[in-house]
1. Which whole-angstrom value gives the distance between the alpha carbon centres of the stretch 188-248 and the stretch 101-162?
2. Out of the trypsin sites (Lys or Arg not before Pro) in the stretch 75-177, which ones are loop residues according to DSSP with at most 14 other C-beta atoms within 10 Å?
3. Could you work out the pair-distance distribution P(r) of the stretch 2-76 from its alpha-carbon pairs, with 10 angstrom bin width and percents rounded to whole numbers?
4. Just to confirm the filter: which GluC sites (Glu not before Pro) across the stretch 197-299 are DSSP coil and have at most 12 other Cβ within 10 angstrom of their Cβ?
5. Using alpha carbons only, how many angstrom separate the centre of the stretch 299-323 from the centre of the stretch 7-45?
6. Between 0 and 90 degrees, rounded to the nearest ten: what's the tilt of helix 19-33 against the longest Cα principal axis of the chain?
7. Consider just the alpha-carbon atoms of the stretch 313-365 and return their Rg together with their Dmax, both in angstrom.
8. Over 24 Å between Cα atoms: which of 236/333; 20/321; 236/321; 321/355 fall into that group?
Amino acid sequence: MTIYAVPDAPFSVQAVVGTKELSSLINSLLKENTSDHAAVDFDFMVNGEFLRVTLNKHLEQKGISHETIVEIEYIECHPAPKPEDSLLHDDWVSSVQGCQDCILCGCYDNTLRLWSTSGQPLMTIPGHSAPLKCVRWISVDGSDCRFISGSHDQTIFLWQWNRDRNEVDCIHACRGHAGSVDCLAVDSTKQRVPILTLSGHNEGVSAASWIGDNEICTSSWDHTIRLWDITQATQKSLLQGTKAFFDVSYSHLNKMIITASCDRHIRLWDPRASDGAIVKCTYSSHTGWVSSVRWSETNEYLFLSGSHDTVMKLWDTRSPKAPLYNMSGHEDKILAVDWSVPHLLLSGAADNHLKIFRYQDSHSS
């Protein structure tokens, strides 16, 4: 980081130092160059992994000799995101997605709700005859906005919202599912009828994500993740787990997949791996089922998770031992998290609340 540059020369430090002592060292070096330098908290990386224990313990865990010259990178560390708002609904908030200055929520009271990112209620939309399970924005073009919703009532509704008049119309109902519609993934197709039916899962499909123009990833309660080629209407590959998967998120930045599972773990998968090591890392910190995960759309290392333990966590793939931040406040299980707006972290839960956290990224490199 050029704003906090120190001389590129070897330093001798005691092996028992941690991030606090290393931060003091960096700040003292910076103060030598700039007398009015204000102290800054830093995070440190050793061989691409964040330091979360003392340096000697980290080196022992990685099998690195204490006599080795180790390159340590440092990044400014900001405080944990703080909740800006907590928006009350009439029932469980089961799905949430932000888009520009608006937030769309699906609720177990059979309605969709629109909010401004500043917390102002914009509209409550009835129409479904059973709880909402999933919502997704399609497009926002000036005053013309479109989004879709899926429900336990086995239907998908396509909505058009005129923001100038604050009026919404259901312009199409998609029918054909024989069970609850639990997940949605949006592409640019204009079709309003089923194009393909992809069969293979033997239990409920919990999440779907586009991972390319012609490829879809799905997760299921049947302990599998499947990659599909929609041009051939065939399954490309099968990733086998040991427990039910509740959510999947694909990053277009790093081409990796993260999954949420009932075994309380988050796993990082590389579908391109040819050496058999498809699971690249496991992140273990939640004490309840992990219900929802979302990659950052602007930082290839960061992702969110929400759990039945009522906590939303912000992770860096380079910190497998511990999350960067824990965001608490919910009083019941988290059902959905979202990071569609780069500076907003969103969570919906069974305590009937949507919580909004503001985030400033200091870990991009």
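Since every read-out is calculated from the coordinates, none of them should be taken as a lab result. What you see is a predicted model, and the numbers here were worked out from it, not measured in a lab. For neighbour counting, all protein chains shown are included, and Cβ atoms are generated from backbone atoms with ideal geometry for every residue, glycine included.
1. 23 Å
2. Values: sites: 113, 133, 136, 146, 163, 165, 175; in loops: 163, 165, 175.
Within the stretch 75-177, the qualifying trypsin sites (Lys or Arg not before Pro) (loop, at most 14 other Cβ atoms within 10 Å) are 165, 175.
3. 18, 54, 24, 4, 0
4. Numbers: sites: 203, 215, 297; in loops: 203, 297.
When the GluC sites (Glu not before Pro) of the stretch 197-299 are filtered for loop state and at most 12 Cβ neighbours within 10 Å, 203 remain.
5. Here the answer is 26 Å between Cα centres.
6. The helix 19-33 is inclined about 70 degrees to the chain.
7. 12.0, 37
8. Working: 236/333 34 Å; 20/321 18 Å; 236/321 32 Å; 321/355 26 Å.
Long pairs (Cα-Cα over 24 Å): 236/333; 236/321; 321/355.
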